[in-house]
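Colleague: Following this message is one structure expressed as structure tokens.
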Amino acid sequence: MDYVWTCHCCGKQYNSLPLDYACKAPDYWLGIPEAEREHRGKLGSDVCIVDDHFFIRGCLEIPIVDSDEKFVWGVWASVSRKSFERIDELWDVDEVENEPPFFGWFCNALRSYPSTQSLTTHLRLRRGGIRPSIDLERTDHPPAVEQREGISLARVE
């Protein structure tokens, strides 16, 4: 099914549904002056370590109402050192379904929501190195509600 829509930010017209948006780094990393970053930590495509803080990139999936599609926010969550080490150990393992979720804190501000910093999260590993899913704690905060109830196509646009 083709979707034609106009981006409210740039004004460009698109012929396909935008299904994801990714944050390149946790906001904590971006708050460090560039000159200090290489001395204080490391940023990869899926993990970030700064001082004694550990971050994992995952997928906050929001179902689209009346569709089989999901909108995916590529976001970062902070986890404990112990969780970080266990996630690293299991990253490429094919059998992770029985691994309990890892507690974390949401680490990106998403402009389309009220402050999302430090929302409670649970990271669920997926087999074969696929980025973990990030589930928000069941609250009345807008992205948590949208994750449970879904969003309209107009909201995705």
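Colleague: Rounded to whole Hz and in sequence order, give me ³J(HN,Hα) for the stretch 50-65 from the Karplus expression 6.51 cos²θ - 1.76 cosθ + 1.60, θ = phi - 60°, writing x for Gly and Pro.
Modeller: Each residue's phi maps through the Karplus curve to give 9, 6, 10, 10, 10, 10, 10, 8, x, 10, 8, 9, 10, x, 9, 4 Hz.
Colleague: Using a Förster distance of 25 angstrom, determine the FRET efficiency expected from the C-beta separation of THR139 and ASP94, and round it to 0.05.
Modeller: Details: r = 33 Å, r/R0 = 1.32.
For THR139 and ASP94, the calculated efficiency is 0.15.
Colleague: Continuing with the same structure: Where a ≥ b ≥ c are the square roots of the eigenvalues of the C-alpha gyration tensor, would you call the stretch 49-157 rounded, which needs a/c under 1.5, or, failing that, prolate if a/b is larger than b/c, or oblate?
Modeller: Numbers: a/c = 2.26, a/b = 1.44, b/c = 1.56.
Verdict is oblate for the stretch 49-157.
Colleague: Okay, next question. Ignoring everything except DSSP H segments at least 4 long, calculate the 222 nm mean residue ellipticity for the chain; use -39,500 (n - 2.57) per segment, divide by total residues, nearest 500. Provide the component values of the computation, followed by the final result.
Modeller: On the way: 5 runs with 33 residues, N = 157.
Helices in the chain give a 222 nm mean residue ellipticity of -5000 deg cm²/dmol.
Colleague: Top mean-square fluctuation among LYS24, LYS82, LYS70, Gaussian network model of the chain, C-alpha springs under 10 Å?
Modeller: Most flexible of the set in this elastic network: LYS82.
Colleague: Shifting gears a bit: If I stretch the segment between ASP68 and ALA35 completely, what's the gain in nm (0.36 nm per residue apart, minus their alpha carbon distance), one decimal?
Modeller: Numbers: separation 33, 0.36 × 33 = 11.88 nm, distance 4.45 nm.
Value of the extension gain: 7.4 nm.
Colleague: Which angle between 0 and 90 degrees, to the nearest 10, do you get for helix 81-90 versus the longest principal axis of the chain when only C-alpha atoms count?
Modeller: That helix lies at roughly 70 degrees to the long axis.
Colleague: Leaving ligands and nucleic acids out of the surface, order GLU85, GLU36, GLU99 by accessible area at 1.4 Å, largest first. Intermediate values should be presented prior to the final figure.
Modeller: On the way: GLU85 100, GLU36 75, GLU99 50 Å².
These residues rank, largest area first, as GLU85, GLU36, GLU99.
Colleague: Multiplying the sequence separation of LYS24 and ARG127 by 0.36 nm and subtracting their Cα-Cα distance, what value in nm do you get?
Modeller: Values: separation 103, 0.36 × 103 = 37.08 nm, distance 2.25 nm.
Length difference between fully extended and current span is 34.8 nm.
Colleague: Let me ask something else. Where a ≥ b ≥ c are the square roots of the eigenvalues of the C-alpha gyration tensor, would you call the stretch 41-94 rounded, which needs a/c under 1.5, or, failing that, prolate if a/b is larger than b/c, or oblate? Show your work: numbers first, answer last.
Modeller: Working: a/c = 2.99, a/b = 2.01, b/c = 1.49.
The shape class here is prolate.
Colleague: Distance from a point 7 Å along Cα→Cβ of ARG81 to each backbone N in the stretch 91-134: keep the residues under 19 Å and list them by number.
Modeller: Taking a point 7 Å out along Cα→Cβ of ARG81, the residues of the stretch 91-134 whose backbone N falls under 19 Å are 103-105.
The values are calculated or read from the model by the stated rules, or taken from the named source; none is laboratory data. Predicted, not measured: the structure shown is a model, and the values here were computed from it. Neighbour counts are summed over all protein chains in view; Cβ atoms, including those assigned to glycine, are modelled from backbone coordinates with ideal geometry. When the accessible area is computed, the model is the full protein with side chains, heavy atoms only, and any ligands, DNA or RNA have been set aside. Shrake-Rupley method; radii C 1.70, N 1.55, O 1.52, S 1.80 Å.
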